[in-house]
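Just so it is clear, none of the values below were taken in a lab; they were calculated from the coordinates. Since this is a predicted model, take the numbers as computed values, not measurements. Neighbour counts run over all protein chains shown; Cβ positions are idealised from the backbone, glycine included.
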Amino acid sequence: MTAPDRRGPGIPRRAVLWTAGALAVPTVAGSVARSWRRDPAVLPDALDGRPPARPPGGPATTLQLVAHPDDDLYFMNPDIQQSIAAGARVVSVYLTAGDATGRNRVPGGPPPRRDRAAYSAARHQGLRQAYALMATGHLFTPWRRTVLELPGGRRAEVDRLTERPEVSLVFLNLAMYSDPVTPYSITLRDLWHRPGTVIRTRNATGSPLREVQVYTRDDLIETLVQLLDHYRPSLVRTMDPDPDEQVHDAAHARDADQPGFSDHADHTAAGLFAWAALARRGPAGGLATAYRGYYNDRWPPGLSGPARDAKRSWLDAYGGSPDWPCGDPSGCGDYEVGGRDSDRHHWPWSTTYRWAGPQPWAGHDAWDRLTVLAVRGMRLLMWREEVPGSGRLGTAVDLGGAPLAPSVAVVRQADGRLLVLAERFSGLGAATAADTRETVLLEQRAPGGPFGAWRGLGNPLAQPDRGRRTGPPTAVLTPDGRVHLFVRNADKGLSSRVRSPGGAWGGWRDLGGGEVQEGLAAVVDGGLLEVFAAGRDGLHRWAQRTPGGPVRAAGPTGLPAPGTPPAAAVAPDGTVRVAYRLPLTAEPAVYSWDGRHGQRRGPELPAGGHGPIALVPAAGGLLLAARDSGGGLAAALLDSGGGDRRQSLSGVLAGHPAAAADRWGRPVLVCFGLDGRLRLSRSSTGRASAVRFGPWAVAER
């Protein structure tokens, strides 16, 4: 394993490297000219009087918060391993003891004696093996097991890897089921939904914890807040709080899924508890994201073969074997996991984000200042250039809106004013009616000026439990002055609201269509709006037939099924390009689309990496950006008229990349590092033959 770069937390400032390919196109400075330019000397330096948001401090710290031992390995890797390799402090918190049935069955062997404390201990040992392998390359390395004292008298077991003490495992040990006689009477789901419910802890055999503790719903939320306060993570990873509805039948076996949904009930409850704690902690909560669980079995795989093999190796380490010399008398892993069983249901074949939209968004305001909008601490923050084209961002401005999900859509109106749309946790209560989500809107009062108050745009589904399944917004401005808002709904089709040029919003309309994943791409081509989404059987499309007409489902495009959400942009020749990763290889593929047919365009970027990608006009072509197999970023300038050119930027990103171009066509890449701080890399020129990105630079003051 390559030693981590220690020159700074998050994304190291390492050399960047262009790979093969030529870039030679004319300068296009005039082709992206903007309206509403102003003298930089009179640019407003404050939006609405709120105090500026302070950047996070301390080391890069990622905190994973999951229900069971192995959730992180199945659903969050390779992100965790990449964080470890980057030298970040990595803390994984497990809510339940993982005691389940209490039987650590060896595949093919006889049923063992029930011992819930021992089974929990064996699963904890499996985690120590997996994390040791990720951090040191060895299975059996020493760990220091201690007790963490929290305010209010709560206690948790903390295991710290001796060789890499920045790697810690935290066990709260809530019993998965209340007792052996009535094993399904009280669960983590009950603790969330049923006021008055209590759950006792079940300490693993050999744990330094001895006493039994009792948790209520509020106790657990407050304990998680205390853990967030203690570790001060710059990035929190959680499970999906709002899984998809799922029919269980012969083709889609229920297995361990909760009735009607594609995930384990404990995963969902753990996600809800995590987001409730983040909302309670407020602006200090840092970056946060969520991962789909059993969902991965329902859609085309999003990871490459090497990534799946690596994921399988960590799961095999967790599964262990009774023959291993781990030194734990309770067992050396969760024996039913590992080998072929680690691939059960293809859960490890993808790493899928619940909110797959832009994180962050990058573009320009009415004065051509590079502007970045993103959610941190569940609040919307905005950074802007001090002087257009300078690349120097001012202090982040806190635009509020909490508690927001970590994805935003931004529309620049004809007069230069920005509209920001996001998804808000409008309720995180125990009752179904109090657990709600809504789309919200923030609008600039004047071009380049302050913003007004947040407004709610509601949810396309009136039933709260179904409305929770609504995805983050995507929005686009059409030439007739209308703003079209789209969300994926609980039926896995699209719903839409349209804002008139005068500012009035129409009601929600169900656009139907085939089942698609989160992450929508909208583009205007020749005055016609098109929306693309990833289906099981191919790339799906919704489109206008006439300018200003309604958007209707147009069915599959005939293009291959995506392994990740698509991105779309209009190329210099006026045609639409659609980009996404292909299943099984994770290779970013770009297709031209003429409204009826698609054709592969390439070469693009090497196979590998995971997650959504960015595609934007820049330097006379299209800039394609995606995370690579090491967690860094790969970029390619396409359709520039002089051949394609690629570049890689080392480091580990904390989420999806964003890209933009300034008024001179100079491309810029934007991301968050693992330390939660915003980073930029930009070219000093928009002349395609000379485009070259510099090292990542921290953009926060």
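How large is the charge dipole for the chain, taken about the Cα centre, if only the Cβ atoms of Lys, Arg (+1) and Asp, Glu (-1) carry charge, to the nearest 20 debye? If you can, show how the numbers build up before the last one.
Details: 82 positive and 69 negative charges, 283 e Å.
About 1360 debye.
Applying the Karplus relation 6.51 cos²θ - 1.76 cosθ + 1.60 with θ = phi - 60° to the stretch 648-662 yields 3J(HN,Hα) values of 10, 10, 6, x, 10, 7, 8, x, 6, x, 10, 9, 7, 9, 8 Hz, where x marks Gly and Pro. What whole-number distance in Å separates the alpha-carbon centres of the stretch 303-359 and the stretch 498-557? Going from one Cα centre to the other spans 38 Å. Relative to the longest principal axis of the Cα atoms of the chain, the long axis of helix 305-319 makes an angle of roughly 20 degrees.
For the residues His252, His267, what sequence is obtained by ranking on other C-beta atoms within 10 Å, fewest first?
On the way: His252 13, His267 31.
By the 10 Å Cβ count, ascending: His252, His267.
Size of the dipole of the stretch 67-349 about the Cα centre, Lys and Arg at +1 and Asp and Glu at -1 on the beta carbon, nothing else charged, in debye to 20?
Numbers: 32 positive and 36 negative charges, 121 e Å.
Computed about the Cα centre, the dipole is about 580 debye.
Derived scalar couplings between HN and Hα for the stretch 232-245 equal 6, x, 7, 9, 10, 10, 10, 7, 5, x, 9, x, 5, 5 Hz in order, rounded to whole Hz, by the Karplus curve 6.51 cos²θ - 1.76 cosθ + 1.60 (θ = phi - 60°), x for Gly and Pro.
Given charges of +1 on the Cβ of Lys and Arg and -1 on the Cβ of Asp and Glu, with all other atoms neutral, how large is the dipole of the stretch 233-365 about its Cα centre, in debye to the nearest 20? Walk me through the numbers before you get to the answer.
Details: 12 positive and 19 negative charges, 97 e Å.
The calculated dipole for the stretch 233-365 is roughly 460 debye.
Decide, for the stretch 185-314, between rounded, prolate and oblate: order the square roots of the alpha carbon gyration tensor eigenvalues as a ≥ b ≥ c, take rounded if a/c falls under 1.5, and otherwise choose prolate if a/b is larger than b/c, else oblate. Prolate. Per residue, the chain reaches -4000 deg cm²/dmol at 222 nm when only DSSP H runs of four or more residues are counted, each adding -39500 (n - 2.57). Placing unit charges on the Cβ atoms of the charged side chains and taking the dipole of the stretch 173-310 about its Cα centre, the candidate lying farthest along the positive direction among Phe273, Ala284, Gly305 is Ala284.
Note that the chain carries a Kirkwood radius of 25.7 Å, evaluated over its alpha carbons pair by pair. For the stretch 67-349, the gyration tensor built on C-alpha atoms gives a rounded shape. Its axis ratio a/c (a ≥ b ≥ c) stays under 1.5. With pairing defined as another cysteine C-beta under 4.7 Å, the cysteines of the chain that fail it are Cys671.
Taking neighbour counts of Cβ atoms within 10 Å as a proxy for exposure, in what order, fewest first, do Trp505, Trp314 appear?
Details: Trp505 15, Trp314 24.
With the fewest neighbours first, Trp505, Trp314 line up as Trp505, Trp314.
Ranking Leu442, Leu653, Ala567 by Cα position along the charge dipole of the chain, where only Lys, Arg, Asp and Glu carry charges on their C-beta atoms, puts Leu442 farthest toward the positive end.
Proximity of backbone amide H atoms, modeled 1.01 Å from N, is registered between Glu587 and Leu582, Gly608 at under 5 Å, excluding neighbours fewer than 5 places apart on the same chain.
The loop-placed GluC sites (Glu not before Pro) in the stretch 90-190, going by DSSP, that have at most 13 neighbouring Cβ atoms within 10 Å of their Cβ come out as Glu163. Working from label points 7 Å from Cα in the Cα-to-Cβ sense, the Ala253 to Ala453 distance is 5.4 nm.
Per the Kirkwood definition applied to all pairs of different Cα atoms, how many angstroms is the hydrodynamic radius of the stretch 245-395?
Values: mean 1/r = 0.0521 Å⁻¹.
Over the stretch 245-395, the inverse of the mean reciprocal pair distance is 19.2 Å.
Centroid-to-centroid, using Cα positions, the stretch 73-137 and the stretch 207-276 are 16 Å apart. Note on the stretch 67-349: dipole from Cβ charges, positive end direction compared against Val214, Ser168, Leu150; the farthest Cα belongs to Leu150.
May I ask you to compute the full-extension gain from Asp594 to Arg105, defined as 0.36 nm times their residue separation minus their alpha-carbon distance, rounded to one decimal in nm? Show your work: numbers first, answer last.
Details: separation 489, 0.36 × 489 = 176.04 nm, distance 5.57 nm.
In short, 170.5 nm is gained.
Sort Leu148, Leu624 so that the residue with the fewest other Cβ atoms within 10 Å of its own Cβ comes first and the one with the most comes last. Numbers along the way, then the final one.
On the way: Leu148 17, Leu624 27.
Final ranking by Cβ density, sparse to dense: Leu148, Leu624.
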